[in-house]
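A quick write-up on the structure given underneath.
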């Protein structure tokens, strides 16, 4: 098992003919992921080719899903059109939508979240690296790679990883893999202030997943998502968790790259988050260099 | 992005938020004309810089105060001539101060009572929220801490927007009655239209005032705009004043680099915002002080690295550089080649520690080692932090 996706999950790519979308669709195909459809309005009927792979392109998400059995969409469309892209995927009834796009207006996401109330679709992102459930082949080949993560750094195993940051996720995954610890699923929830899936959502899914035995949770300054996840984990999570919070040295009132990474009005500080994590009995890594080590110590003793 | 007070007033006028009339002036003559247009004997002249504490600031020419009351256009002209083209130092500008290029000439406002009013995007509920208080003109965080019962929160449905009954509800909670009840409700609804119409992430009026003759006016305002939405607001983007920004940050943005200057002496260059923050943190953990936040994004091309080095080295405090790249998909050798070329082009003279990880990392490390340039390679993140802190300590002894 794993969460959200596995090696049989069928993926469609919104924005497959764009520069960014096509590059990562190819890398996913190379990883062994079942990329079964692409969507680019006006290019329906054409084919996206990569080596021996031939992926049909559709004008709409609904057509793509119906004709290929895709249940998950990954979105690479530019920021002004991304909210519409998410809503189209929700309307098509997909189970999961992963939005990679960085720079979507916050008000667009506020409306998308409100419009998604009551739908059966889960959104991950935006402004995220995506989701990886590693495969069992060489360099984790044969898994499900949705988004922009490097596939080869993964290894099939039992650690769930959830993070607001892309490269910090890779850092944690690589630390685990090099120590021989694989991952069940790695989820990048994104660095925007309004996103689809929270740390808490991911912890709950990992807690329910029989394959996941331990969890790494990576957060950063801004908001209170980490605090809320910690408060839940304290009484409900049966699995060992290690966390890292980035931004202890960030000046208040400044946005640190991610739209959501800002300390404002004295709220959302690294200190406050680290205290909340400790309070919940979660092991906190002092530096990003010891994320895996901290988890392994807590988990294996 | 931040805007000037006179620009905030322009937005208030455009969206119908009641505030005291005012005009911007860039020369003393314009100031005189503006004062004449206002037809009031109760005027205020305010230096326009983004930093706070203007009233208590001092100009480098010795003139005291960036905010002055006066009665006549001639006085407004005289006061403006002492502010325009001069550098104002306040507790927020730092000792170097800020050049005043514009002044606001506005009618003075007498205050009978002050309130607080803000609209912002609440991250916890992913929806806008109105925050209002009867305690205006003071620090709202102090109010929230000491007398939380004096702060009212009204969540807004994102798809419906702020409804008139909600505005009336808040008017009632704040104790407005009669004509002011209506004035406040209208002002709040107009402010919500502005908040949505300009894609603000926050708009805060502190204080909102009632004048002795019973007018409800927005007196001082602070705006935060959602940078992601500026592409659809060319009029607001045009309000950007790069004189008010750190020149290094302005330069960095031209190369797609995300740079924020800090006050340490170890510069860092990292791919990814989270890793960039974490790199600053680990420098501090190792006993050093980070000089900046710098995210080069996913790519890290030679041109970007070269531009980044130039921006980093423009800070005379910088005594060493830590490059931390997790080249997941990018070829580490391409990144290493870019770092070497950039270091050579710049003629780098301070310690440089490079930590590369990821795709084709062995070749990348060989390129660094064979470059003939003094680049220290690091094994991992902890090693990198330790090495740069030691190198900078040795260099500054």
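The values are calculated or read from the model by the stated rules, or taken from the named source; none is laboratory data. Because the structure is predicted, anything quoted here is derived from the model rather than measured. Note that each Cβ is placed from the backbone with ideal geometry, even for glycine, and that neighbours are counted across all protein chains shown.
Observations, loosely collected:
Rundown of residues vs (1) assigned by TED's automatic domain parsing to the domain that holds residue A:185; (2) over 21 Å from residue A:207 (Cα atoms); (3) touching a strand residue (DSSP E or B) at 6+ places or on another chain (Cβ under 9 Å); (4) part of a loop (DSSP other than H, G, I, E, B), yes/no style:
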residue	(1), (2), (3), (4)
A:136	no, yes, yes, yes
A:139	no, yes, no, no
A:145	no, yes, yes, no
A:149	no, yes, yes, yes
A:159	yes, no, yes, no
A:167	yes, yes, yes, no
A:170	yes, yes, yes, no
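- In this structure, residue A:110 does satisfy being part of a helix (DSSP H, G or I), touching a residue at least 12 places away in the same chain (Cβ under 8 Å), within 11 Å of chain B (Cβ to nearest Cβ) and surrounded by fewer than 24 Cβ atoms within 10 Å (Cβ to Cβ).
- Being in contact with a strand residue (DSSP E or B) (Cβ under 8 Å, 6 or more places away or on another chain), modelled with pLDDT under 95 and surrounded by fewer than 20 Cβ atoms within 10 Å (Cβ to Cβ) holds for only one residue in B:50, B:91, and it is B:50.
- Within segment B:204-230, the set of residues being within 12 Å of another protein chain (Cβ to nearest Cβ) and out of contact with any strand residue (DSSP E or B) (no Cβ under 7 Å at 6 or more places or on another chain) comprises B:227, B:228, B:229, B:230.
- Residue in segment B:251-265 that is within 18 Å of residue B:354 (Cα to Cα), touching a residue at least 12 places away in the same chain (Cβ under 8 Å) and not in a strand (DSSP E or B) present: yes
- Within segment A:87-102, none of the residues are more than 15 Å from the chain's Cα centre (by Cα), modelled with pLDDT of 95 or more, closer than 18 Å to residue B:122 by Cα and part of a loop (DSSP other than H, G, I, E, B).
- Look at (1) in contact with a helix residue (DSSP H, G or I) (Cβ under 6 Å, 6 or more places away or on another chain); (2) more than 14 Å from residue A:159 (Cα to Cα); (3) buried (at least 23 other Cβ atoms within 10 Å of the Cβ) and you find that residue A:192 fails only one, number (1).
- Filter result for residue A:132 (buried (at least 22 other Cβ atoms within 10 Å of the Cβ), away from chain B (no Cβ under 12 Å), part of a strand (DSSP E or B) and within 18 Å of the chain's Cα centre (by Cα)): no
- Flag for residue A:74 being touching a residue at least 24 places away in the same chain (Cβ under 8 Å) and part of a strand (DSSP E or B): yes
- Answer residue from segment B:125-145, given it is at pLDDT 85 or above and facing another protein chain (nearest Cβ under 10 Å) and is surrounded by the fewest Cβ atoms within 10 Å (Cβ to Cβ) among those: B:125
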